[in-house]
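> Supplied in structure tokens, the structure appears directly below.
The values are calculated or read from the model by the stated rules, or taken from the named source; none is laboratory data. Not measured: the values here are computed from a predicted model. Because the Cβ atoms are built from the backbone with ideal geometry, glycine has one as well, and the counts that use them run over all protein chains shown. Surface areas here come from the heavy atoms of the whole protein model, side chains and all, with no ligands, DNA or RNA. Shrake-Rupley method; radii C 1.70, N 1.55, O 1.52, S 1.80 Å.
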Amino acid sequence: MKSVNGPVLSVSVTTLGCKANQYDSSAMEEALSAEGLSTVAFPGPADAYVINTCTVTARTDSQSRQLIRRAQRANPRAVVIVTGCYAQVFPGDVEGIKGVDYILGNPQKQDIFNYIKKGRNPDADAKVVVGPEAQGALMGLRARGASGRTRTNLKIQDGCNKKCSYCIIPRARGLSRSLTLEEVEREIDLLVERGFKEVVFTGIHIGSYGHDLTPARDLKDVMMLVEKRDWPARFRISSLDPDEVDMEFIDILKTSKKICNHLHLPLQSGDDSIIKKMQRPYSAKDFYEKAVKLAAEVKDISIGTDVIAGFPGEREPEFEKTFSLLEETPLSYLHVFPFSPRTSTPAYGYEGRVDPKTVKERCRRLRGLDTLKRRKYLNAFIGKEAEVLVEGSQDKKTGLLRGKSRNYIPVVVQGGQGLENRILRVALKGLDGQKGMWGCLLDNTET
């Protein structure tokens, strides 16, 4: 395989954004390795670069452009391919960056090798391979990982049918599509065979999993499959909207031996008038009641949330409602985002934009609340036991192993060699910084 400037022997893939995008990058790396290319860590140097972009906020757009330019500086003679959501939605912006050879939409990720094989684009302008026909969700690429690793994502769904007023992702990812339940089972078989001990079910909107299938399915079918098959691994659900958590879901989760007691439950705003403007299908009361019910029914559950500060029309009373609701709700952490206006979304034209200084101050307060929530949650586990999946080998400087508990607490522990990729009993002793804990191994017997 030769480019304009010589043979392409190595490729570097870098990623911004969500777990679904991370999954796509892993799948592209595996596909390229199967074709004989070596993959190297970004920024290389490499003979070809694939920048898998995100466009969820203006900040990620900027980060995407920075990564493109960083790749060009690392090797000006390399093939540069830009794909992902920023490339899908704003190909014209990417086209204006000098040195980009090809701009691929999300569905074209599965053709990545063919474009690398073409080599450098001899034309002055980047070749854009994005159009209206490229709006379908990407389900063709599969990532199965290398043997011996610990945790992995499994994308069971892509795309989104919701129309949240601030969100551009449905335009970038297309309508919701799902793997069949049989395909999910087959993918889990392959991942477990390769040694993974934790599988994270992910997608753009996994709460809509299976609604497009015939016969229709839902996420609870996947949960019941996991319980029935009893694979030697544990499973984690990445994120669900509050309206997608019902009593049947809670009943499965609280009795499950395989599904982790951790759930991300995005709120975005705690004021009903703002939630309505966001076109989100629940109320602040719904969110609170679901979180309280989960905390009461599912032992030691970790519940996280997303919140947007400074949505158009958010005055002090609306913000204070959000802050108070988050204070009162049994949450273990917050992800805080300033409102980012995205062109081609309804919220872009909404009146009542909030002053940037005010938005910054609200983010500061929310992040302070996040620190308090994390500390309170972690303190409750001092003196308790946890099942920790050891994710990394012994650190040479500290002698510590790193891993995560079932309820997603980062844990460091003193241990010897050979404990990586094992789920071990750990006594939690204290806090390790603001986001994790340290503990002691109770024994080396896997749970």
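> Could you look through region 29-70, keep only residues that are under 17 Å from the mean Cα position of the chain (by Cα) and in contact (Cβ under 8 Å) with a residue 60 or more places away in the chain, and pick out the one that is surrounded by the fewest Cβ atoms within 10 Å (Cβ to Cβ)?
ARG59
> Sort through LYS321, LYS276, LYS293 and tell me the only one that's of a type in the set (Lys, Arg) and in contact with a Gly (Cβ under 6 Å, 6 or more places away or on another chain).
LYS321
> Does region 388-405 include one or more residues that are within 24 Å of LEU263 (Cα to Cα), in contact with a Phe, Trp or Tyr (Cβ under 7 Å, 6 or more places away or on another chain) and touching a residue at least 40 places away in the same chain (Cβ under 8 Å)?
Among the residues of region 388-405, not one is within 24 Å of LEU263 (Cα to Cα), in contact with a Phe, Trp or Tyr (Cβ under 7 Å, 6 or more places away or on another chain) and touching a residue at least 40 places away in the same chain (Cβ under 8 Å), which makes the answer no.
> I'd like the full set of residues that are small (Gly, Ala, Ser), surrounded by 22 or more Cβ atoms within 10 Å (Cβ to Cβ) and part of a loop (DSSP other than H, G, I, E, B), limited to region 187-221.
GLY203, GLY210 - these are the residues of region 187-221 that are small (Gly, Ala, Ser), surrounded by 22 or more Cβ atoms within 10 Å (Cβ to Cβ) and part of a loop (DSSP other than H, G, I, E, B).
> What single numbered condition from (1) part of a strand (DSSP E or B); (2) out of contact with any Gly (no Cβ under 9 Å at 6 or more places or on another chain) fails to hold for HIS335?
Failing condition for HIS335: (2).
> Looking at region 86-116 only, could you name the residues that are surrounded by 18 or more Cβ atoms within 10 Å (Cβ to Cβ) and part of a loop (DSSP other than H, G, I, E, B)?
PHE90, VAL100, ASP101, GLY105 - these are the residues of region 86-116 that are surrounded by 18 or more Cβ atoms within 10 Å (Cβ to Cβ) and part of a loop (DSSP other than H, G, I, E, B).
> Turning to a different aspect of this structure: Only one of these is at pLDDT below 90, over 23 Å from ILE204 (Cα atoms) and of a type in the set (S, T, N, Q): ASN121, ASN114. Name it.
Criteria check complete, one pass: ASN121.
> For the condition small (Gly, Ala, Ser) and within 27 Å of PRO170 (Cα to Cα), what is the one hit in SER256, SER332, SER269?
SER269
> If a residue counts only when it is crowded, with 18+ Cβ neighbours inside 10 Å and β-branched (Val, Ile, Thr), which strands (runs of 3 or more DSSP E) contained entirely in region 363-444 have at least 3 such residues?
Passing ranges, in order: 410-414.
> Keeping to region 65-91, report how many residues are more than 21 Å from LEU141 (Cα to Cα), of a type in the set (S, T, N, Q) and touching an Asp or Glu at 6+ places or on another chain (Cβ under 9 Å).
Here the count works out to 1.
> VAL359: part of a strand (DSSP E or B) and out of contact with any Asp or Glu (no Cβ under 8 Å at 6 or more places or on another chain), yes or no?
No, not satisfied.
> Give me the pairs: first residue in region 291-316 and farther than 21 Å from HIS335 by Cβ, second residue assigned to a loop (DSSP other than H, G, I, E, B) and open to solvent by 20 Å² or more (accessible area, probe 1.4 Å), beta-carbon distance under 6 Å, and six or more apart or on different chains, which are they?
That search, which allows pairs on different chains as well, returns GLY313/GLY352.
> Residue check: is SER25 farther than 20 Å from THR152 by Cα, in a helix (DSSP H, G or I) and either open to solvent by 30 Å² or more (accessible area, probe 1.4 Å) or of a type outside the set (D, E, K, R) (or both)?
Criteria not met by SER25.
> In addition: Of the residues in region 257-281, how many are open to solvent by 20 Å² or more (accessible area, probe 1.4 Å) and on the phi < 0 side of the Ramachandran plot?
Within region 257-281, residues that are open to solvent by 20 Å² or more (accessible area, probe 1.4 Å) and on the phi < 0 side of the Ramachandran plot number 9.
> To continue, here is another question. Name every residue in region 314-343 that is of a type in the set (Asp, Glu) and either open to solvent by less than 40 Å² (accessible area, probe 1.4 Å) or in contact with a strand residue (DSSP E or B) (Cβ under 8 Å, 6 or more places away or on another chain) (or both), in order of residue number.
Passing the criteria: GLU314, GLU318.
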